[in-house]
Structures are given as C-alpha cells and as structure tokens.
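Let me begin by presenting the structure, written as structure tokens, before commenting on it.
The values are calculated or read from the model by the stated rules, or taken from the named source; none is laboratory data. Everything numeric here is computed off the predicted structure, so don't read it as measured data. Cβ coordinates were reconstructed from backbone atoms using ideal geometry, including for glycine residues, and neighbour counts include every protein chain displayed. For accessibility, only protein heavy atoms count, side chains too; no ligands or nucleic acids. Shrake-Rupley method; radii C 1.70, N 1.55, O 1.52, S 1.80 Å.
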Amino acid sequence: METLLHSLNPSQREAVEHIDGAMLILAGAGSGKTKTLTARLAYLVGEVGIDPANTLTLTFTNKAAAEMRERALKLMPNSLSYPPLLCTFHKFGLLFLKFHIEKLGRSNAFVIIDSDDKKRLLRSIAKELKSELNIAFIASEISKYKNSILSPEVVLEKAELPDYKQIAAIYAKYQANIEENNLVDFDDLLMLSYQILKQDDEIRRQTSKRYRYIMVDEYQDTNELQFQLLQLLASEHNNLCVVGDDDQSIYGWRGANIRNILEFADNFSVCKTVKLETNYRSTQPILHAANTLIEHNSTRLGKKLTSHKGEGQEVKLLHSLDESMEARAIARAIKNLLESGANPDEIAVLYRINALSRSLEEGFGKEGLSFKLIGGMRFYERAEIKDLISYLRVLSNPHDDFSLLRIINKPKRGIGKASIEKLQKAAYDAGSSLFKYIKTSLTDQLASIASKKVLTALGKMVEDIELLQEEIHHAPGNFITLFEERIGFKNHYAPMPDGFERILNIDEFYGYFRDAILKNPELSLDEFLNDISLQSDQDQIEENAITIMSIHAAKGLEFEHLFVIGLEEEFFPLLGEGTNMEEERRLGYVAITRAKSDLTLCYVDSRFYKGRRKMIDKSRFLGEAGLIQDTSLKITKSSAFKKGDLVKHKIFGIGRVQEANKSGKEYKLLINFGGNKKEILSSFVQSI
C-alpha cells in the first residue's frame, strides 16, 4: 500500500487518504481518475480496514466496471473473503429490486424487457389508441419521464400539446401493462429502486448503513433520478465520493444534468473538493488550447490542466477549400505518418456531426487506407441512406423487387404487411415484377387483394415513380427538389429521436448527388449508383486501421495522432434552436484532450449544408482556443452570472451572487460577502 501511495501525485494522494464525509474529486482529462478511484477503494479496504461489504462503487458501463474491478482487486489483500460491490447503476438497481420489489406489491420473479420488447409493446398500445406518433420518439420520451421521476399521472396532468397528451396516455397504459405482467424495463431498475427507498424509511436506513462508503465514477453524466437515488443511499452517513469533470459533461441531450456536479458541494454541509489538474496524456501546447477554449464557459467549477509530459509540437491547423480536399489532405498526412512508422491504431479522425464521415470514407477508400468507423454505421449503411438508394434503384429499374419492397411503405402509405404479402404472391403467380403487376392491375385484379385506401396509395406511388423517372432523365438538377415535394422523405424521419442527425445525413446525400450532377451533367443514374456501390461495399477491416468516430464516441479514449474535422460555424459549434453553446464548447474540450502529442484541427471554406453547397465561416472555437487571430471571429467570452454563483473579488474575497441583472454589456451583481452585501459590476469579479 505504501508503494501505491508513493506512486500518486499529491492531489491524488489527498483524495485517496480522505475517509469520511462527502468529497468531490474534480478530475481533468487524462489526470488519472481511474487510478485514484481504485486506489481509494483499495486504501479503504486494505489499509483502513473497512469491510468490503460496506462499500459500493458505481459506474456507467459494464466495461468501466470490469476494468476498475480488476485494477482494484490487484491492489487489495488476497485474503478478502468476498470482493467489494463495483457495478453499474442499473446492475445495482437489479440486485436491490430482487431483494425489495415486494414492497411495491410485485413479485421478485420479474422479467426485464429490452428496448425491442419495449417498442413492440408501445406499438400495440399506440395502435390501440390510434396514435400515429413515431414509436422510437414515444419510447425516448417515456425514458426521459422516468429518469426525471415523473409518474404517468403527473405527465398526464402537465401535458398540454396534443402529441404529448397522446404520449402521456400511452405511458399510463404502458406502465399499467408492464406492472400487470410483472415486467421491468431498463429505466425501472432505478426508478422502482428510488420509489422503495423514498417511501420505506426502514429500508432506506438499512441500505444506507450497509453501504457506508459510496463512490461514483463519471459523476458529471448523472441525471436527476441517479442524483436523487444517491442522496437516499448516502442519507445516513454522507460518505459519498464522486469523481468527474464538469468540463467533460457532454450528454445533456440524453438527460445528464451538469448541475449535479456543479452544485455537489452545496448539497452537503461539509464537502471536500480535490482537483486533479496534472495531465499525463497530452503535451502542453494541446492543453493550452483546451484550457483557453474552456475558460470561455461561465458555468464551470474551474481548473487548469498542466502537462506532465511538458512541451511538444504546436497544434496544427489544416485549411481546405471543401470536404473532398480536406479528406485527401488528411489521407496524405496519414500516409506520411504510416510510412514513418506510426501505428494506425494510434491515428484517429473525429467529427461533431455523423454526416461528415461520408467524405472521409470516400477519400480514405480512394487512397486505399484501411479504417474502422466506431460508434456508428458507415454512411451508406445508415437506414435513411439505404432507403434513399433504394428509391434511386427503383427509378433506375422499377422491376427491382428487393428495393421496391424496402420503400413501398416509406414514408408510411398505409400499406400493411398482409397487403404486401398478397401483392407479392399475386405478382409471382402472374410471372411479373411487383411494380409491373401493381401498375397494370390497379383497376381490376387489385380490388380483390387490397382496400380502396391501399389502392389509392399504390396509384400515387406509381405516379410519383414515373414522374421522378422523367425528371431525373431530363432535369437531374431539379430532381432532389421534386423528390422531396412528391415523396416528403425528410418528413418521415424528422419526428424520430435522432431525426436531426438523420436529416443531416439525408441533406449530405442530396448535396453529394447535386454535386455529382454539377461536375458531370452527363452522369447517368446507373453510373452514380455503381460509384456508390463501390464505396459502400469495401471490406471493413477492424485491426491495424485508422479510427473514424464522433467526438461523443471518443470520450475516454486517446490517440497519438489526432485530426478533428468540421471546425466551422454551424457544424462545430452546431448552431440552431436549442443549441447549448457551453456544451458545444465542452465537446471541443473533449475533442482536443483526446490527443497525446500530435493534434490537427481542420476547417474548410465550403461544405454541403442542408443539401446545398454553402460558403461557411471558420469556427469561433479556433479563436477562443487562441489558435488564430481574426477579428471577424465570433469569440463569445461568456459573462453570464446567475443567482447562487460563487465569485471572487480582489478586495472583498469570496461571495455568493444573490441577484444578477443585465447592465449594458455586463451584469450588475448583488453579492453576499459573508454577510456584507455589495452591488458590483461583473467585470470586477471572477467565477469560482
């Protein structure tokens, strides 16, 4: 144990040796948080003598739990009769419910349903209630309700818009159904555990006394339900140690609440805060860019990473005319790295928006570079792109039954599975392709197979296909506009939970098609489809390959050589309704801190945007990170202050904001400095 403690830096050791009371370990990127957490667990059990049964360590993924368990056990005495409980939040919920779900009048022989089972059940309820809302959207909203601790009754009462009233009704029926059949969905594992602890004081006391030392990894990613659950678990002792980084809180869109970590110290009467600011991953120039960028956020606890490695090469900028030139330039740079002996597994390209992977995939393919796409599908394998290609294949060859079957009910035309099967059989019996049979039989034979509504839908589909065939041959430049007018393809995907990303992918494809026609007006549809087939059918090689991935998927990883593309306004930061600029900036911070020694940030002058080529401005983040000097950049140093913020004044010291009112370009703040209240302009104080 003494050897272990000597291997820690002073801040890590301070965190490890703290025993009782709440503690926030504010762990910057690459600062050894896993080492600190596992060392503290080993210290409590192996040095202090805490019974392993009295500890609980919670993580977000099974992979993280397995890694931490393995590392922690290596540091503990071999004489342990049983290991400490180290698992995910949801595994803990499952174990807890097996012992206590009977308190809710339920049997502990419950069955956990997966996301497919959940959607199947929701689909039948939606059909029963005559709802036409997207099932994935309904499932996502119900999950949000549960993780915000909102019961069906509360949601029903609060719902105002018609769509949300429908979802509330479906939620109520869904919850009644799974309770009646003793089923539990993924979110119930935590929600039901919370309900039992909240309503049964004796079980809360017993459970809290059993787990006297609780630790939580990645605390910045916790949601409201997880926060409330932890409050109950620690209620008898307040020995809750959380590890996280507010600057890496990038999952607000899926329910993570950054306030959990920002306000952690306020939720306990006594709380120790330890900052891990020594970074063991990156060189100083990389950390300087990351620190400079993130300092523009106002809602943060504040820390500054310093490099254990020391100085290194400066951050490079790659400026290209468009995405094709960008992909070629990156491919050439990577080829040079490989020729100089670089390990391909240590090379990665990151992007903010999944649609940007298309140009990379195409460029790397042409250069013969092996790559693996992590955390998502290759561009041409995405469902919406496959659907688009199927439409084009039907326009090229209407007798392609395989492609027609894929799009016959996309967007929804009310043509059910039973009708499609009857159509297939009738076409087969007639020795005809499906399209030909539908077209020639609309007025007679089909009446015995399909309803009038289906006949009308099939008739419009045939009319649309023939009209679009004519357009693509005679006016290909106008084809996409007419296609959207007639088919309404984007409307089909817009309501889905990931609809925004899907629309961006569709627009990327539209733009690619328009660009191909612009570059070669004589390009036939068959040639275009063949080019795509060559790109989409490349073998995906997983070993010894360059990594292409989104920034979200890259969190927790590191690479020797890193390229980040799309550093342009509207792409990174992503702009639009609901944009959280501080979370966008945190994404930038996460991207930069994935690099060990070689970082290249890339931007272009023009890119496809909403299906058309558009001139775009370089990202404000390049200026905010201190990498370029350009007065035209929108550098948004945030000066937003709100009630409750801690601030520091050079004369009055530390105080808490009680009121914040806009005053010209800054804020007039009413600050309580230990009972001495002062009105101060925001430019004279510093956020803590």
Test Leu287 against the stated conditions and say whether it is closer than 30 Å to Phe513 by Cα and in contact (Cβ under 8 Å) with a residue 12 or more places away in the chain.
no
Would you mind stating whether Ala554 is open to solvent by less than 40 Å² (accessible area, probe 1.4 Å), out of contact with any Gly (no Cβ under 9 Å at 6 or more places or on another chain), modelled with pLDDT of 85 or more and under 16 Å from Val349 (Cα atoms)?
no
Segment 61-86 residues that are closer than 20 Å to Leu4 by Cβ, paired with ones that are open to solvent by 80 Å² or more (accessible area, probe 1.4 Å) and not in a loop (DSSP other than H, G, I, E, B) (beta carbon under 8 Å, 6 or more apart)
Pro83/Arg69; Leu86/Arg69
What are the pairs with Cβ atoms under 8 angstrom where one residue, in segment 571-592, is of a type in the set (S, T, N, Q) and the other, located anywhere, is surrounded by fewer than 22 Cβ atoms within 10 Å (Cβ to Cβ)? Sequence gap at least six, or different chains.
Asn580/Gly252
Quick test of your reading of the structure: Val111 fulfils all but one of (1) farther than 24 Å from Lys272 by Cβ; (2) at pLDDT 85 or above. Name the failing condition by number.
(2)
State which residue is modelled with the lowest pLDDT when the search covers only segment 653-666 and only residues that are more than 21 Å from Leu262 (Cα to Cα) and either under 36 Å from the mean Cα position of the chain (by Cα) or open to solvent by 80 Å² or more (accessible area, probe 1.4 Å) (or both).
Lys665
Can you pull out every residue in segment 311-347 that is open to solvent by 60 Å² or more (accessible area, probe 1.4 Å) and acidic (Asp, Glu)?
Glu311, Glu314, Glu339
Among (1) at pLDDT 95 or above; (2) within 21 Å of Val590 (Cα to Cα); (3) not in a loop (DSSP other than H, G, I, E, B), which single condition is Leu337 missing?
(2)
Test Glu132 against the criterion of being surrounded by fewer than 18 Cβ atoms within 10 Å (Cβ to Cβ) and farther than 25 Å from Gln226 by Cα, and give yes or no.
yes
How about segment 479-502: which of its residues are assigned to a helix (DSSP H, G or I) and surrounded by fewer than 14 Cβ atoms within 10 Å (Cβ to Cβ)?
Glu485, Asn491
Which count do you get for residues in segment 107-135 that are more than 16 Å from Lys173 (Cβ to Cβ) and either over 29 Å from the mean Cα position of the chain (by Cα) or polar (S, T, N, Q) (or both)?
6
How many residues are open to solvent by 20 Å² or more (accessible area, probe 1.4 Å), closer than 23 Å to Thr36 by Cα and of a type in the set (Gly, Ala, Ser) when one looks only at segment 248-301?
1
With segment 356-445 as the region, which helices (runs of 4 or more DSSP H) entirely inside it contain at least 1 residues that are open to solvent by less than 70 Å² (accessible area, probe 1.4 Å) and among the acidic types (Asp, Glu)?
357-366, 383-396, 401-407
Please specify each residue of segment 138-162 satisfying the condition of being open to solvent by 40 Å² or more (accessible area, probe 1.4 Å), outside any loop (DSSP other than H, G, I, E, B) and either over 22 Å from Asn260 (Cβ atoms) or among the hydroxyl-bearing types (Ser, Thr, Tyr) (or both).
Glu153, Leu156, Glu157, Lys158, Pro162
Going through segment 602-630 one residue at a time, which ones are part of a strand (DSSP E or B) and open to solvent by 20 Å² or more (accessible area, probe 1.4 Å)?
Tyr603, Tyr609, Arg612, Arg613, Lys614, Met615, Lys618
Which residues, taken from segment 583-601, are over 16 Å from His552 (Cβ atoms), surrounded by fewer than 24 Cβ atoms within 10 Å (Cβ to Cβ) and out of contact with any Phe, Trp or Tyr (no Cβ under 6 Å at 6 or more places or on another chain)?
Lys596, Ser597, Asp598
Only one of (1) under 28 Å from the mean Cα position of the chain (by Cα); (2) closer than 20 Å to Lys130 by Cβ; (3) not polar (S, T, N, Q) fails for Val184. Which number is that?
(2)
Condition first: open to solvent by less than 60 Å² (accessible area, probe 1.4 Å) and within 25 Å of Ile135 (Cβ to Cβ). Can you find one or more residues in segment 458-468 that meet it?
yes
Would you pick out the residues in segment 447-457 that are surrounded by 16 or more Cβ atoms within 10 Å (Cβ to Cβ) and in a helix (DSSP H, G or I)?
Val454, Leu455, Ala457
Qualifying positions in segment 215-247 - in a helix (DSSP H, G or I), open to solvent by less than 20 Å² (accessible area, probe 1.4 Å) and touching a helix residue (DSSP H, G or I) at 6+ places or on another chain (Cβ under 8 Å)
Tyr219, Gln220, Leu225, Gln226, Leu229, Leu233, Asp246, Asp247
